[in-house]
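Here the structure comes first, spelled out in structure tokens, and everything after it is commentary.
The values are calculated or read from the model by the stated rules, or taken from the named source; none is laboratory data. Please read all numbers here as calculations on a predicted model, not as lab measurements. Virtual Cβ from ideal backbone geometry, glycine too; neighbours counted across all protein chains shown.
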Amino acid sequence: MSLLADPKAAFADLTRPERWVLGVSVAFMLFLLGALLTGALGPTYFLFLVGLAGMYALLSFGLNAQWGFTGLINFSVAAFFGIGAYGSALMTAESSPIAGGFNPLVGLVVALVVALVLALLIGIPTLRLRADYLAIASLGLAEVVRLVVLNERWLTNGSAGVRGIPSFFKGWPVLSTFPETMPGLRLVVIPGSPIILGTSFWEALLNVLLVLTFAGVTFLMLRRAHQSPWGRVLRTIRSDEDLARALGKNTYSFKMQSFILGSLIMALAGVFYTHLNLYVGPGDLDPITTFYAWVAVILGGSGSNRGALFGGIVIVTIREGTRFLNDFAIPIDPAPMRLLLIGIVIVAVMRYRPQGVLPPQRELIWPSAVDGGGTTETPDSGVREQKGGGGDE
């Protein structure tokens with residue numbers, strides 16, 4: 001049911017968790033709008049937060065393509081994120097010790113190719129074995145990549161990181177000069193709280209459009225893949241790999257495809273982060289990035305693309321929202337509050353909603369087979385009757 005065509009019917013068709021998510025989302029958007037209008041939240045910083053939310057959504061999409069679809073336990077999200085970030089940074093940055101100065105599109109291609117090679121190197125020896133081996137190997141891979149980035153100064157500048165990274169649209173016609181050519185605007189909606197739209201705002205707006213493009217294309221691709229025969233094989237592997245193998249499926253090949261797909265999406269998130277932050281360092285490969293991605297997928301619902309998107313937004317809200325606790329006179333350091341709040345979220349989800357806030361039933365073949373509502377649609381007649389076939393055997 002289309003929300004635009006019949007809003008009442010579309011809302012009535014939503015499950016209780018979907019209504020809850022919709023209500024919370026609308027309330028949060030109104031809160032952000034009020035903060036923007038009153039000047040409590042700068043428009044440039046707001047767009048930066050939207051970019052971060054898109055980046056975490058991409059990380060969640062990548063992990064969901066591996067764990068949610070196929071049941072592959074990957075603890076090296078930060079490693080593939082770092083490969084994407086450093087791959088693009090080292091090809092485009094002025095301070096790059098090995099190359100630099102290339103068009104960001106070249107950096108994007110190089111980052112994805114390196115991520116593909118790394119996924120093959122880690123996947124070939126482990127995906128033929130039990131999931132435990134992939135988990136152990138990926139956990140080691142994350143630390144190896146971080147230590148290489150930290151210690152190999154000739155390659156990555158070590159702890160100094162890579163600076164002088166250009167925007168993603170450098171060298172593009174029109175878009176490369178768009179922020180400078182746009183006029184500065186001063187909007188006064190509420191007296192005494194002007195909204196300033198300058199060059200930095202237009203640069204942030206381009207970044208938001210970029211991540212929306214990346215995330216939108218990825219979401220549609222994964223949604224299509226989830227409903228395809230390929231996606232059904234992945235779900236069978238996740239539920240019972242022996243059954244999929246007994247049905248004649250090459251489970252090793254399918255697991256490799258899923259692992260590579262997820263790794264490329266994670267690297268894409270790293271590429272975007274590089275050109276959003278314009279700096280990348282070893283600290284960006286912290287294992288907490290992997291932890292955040294797992295929390296986002298578990299919170300939203302394993303196998304659910306909508307859930308991965310929702311989980312990524314929640315993670316950024318908690319991570320960045322706690323920074324504003326410094327403005328209040330509370331006797332608590334706000335930094336540890338992030339992990340505390342995320343821990344509370346995990347406990348609450350495991351206790352009251354172990355399948356996630358937005359489980360994937362709506363994204364499967366039978367839209368009516370949703371949590372708590374409707375029954376699975378069945379055909380009115382058998383296959384033989386539909387074909388006009390014969391009678392009793």
Which residue, of T126, T70, is without any contact (Cβ under 8 Å) to a residue 40 or more places away in the chain, under 28 Å from G356 (Cβ atoms) and not hydrophobic (A, V, I, L, M, F, W, C)?
-> T126
Just name the residue that is nearest to R153 (Cα to Cα) out of those in region 251-285 that are surrounded by fewer than 24 Cβ atoms within 10 Å (Cβ to Cβ) and of a type in the set (V, I, T).
-> I260
Which of the helices (runs of 4 or more DSSP H) contained wholly in region 1-86 include at least 1 residues that are under 21 Å from P287 (Cα atoms)?
-> 43-63
Can F80 be described as touching a residue at least 24 places away in the same chain (Cβ under 8 Å) and among the aromatic types (F, W, Y)?
-> yes
Within region 154-184, track down each residue that is surrounded by 15 or more Cβ atoms within 10 Å (Cβ to Cβ) and either free of Cβ contacts under 8 Å to residues at least 12 places away in the same chain or β-branched (V, I, T) (or both).
-> T156, V162, I165, W172, S176
Give I98, I83, I122 a once-over and let me know the one that is modelled with pLDDT of 90 or more and either of a type in the set (S, T, N, Q) or surrounded by fewer than 24 Cβ atoms within 10 Å (Cβ to Cβ) (or both).
-> I122
Any idea which of V117, V148, V162, V144 is hydrophobic (A, V, I, L, M, F, W, C) and under 20 Å from L261 (Cα atoms)?
-> V117
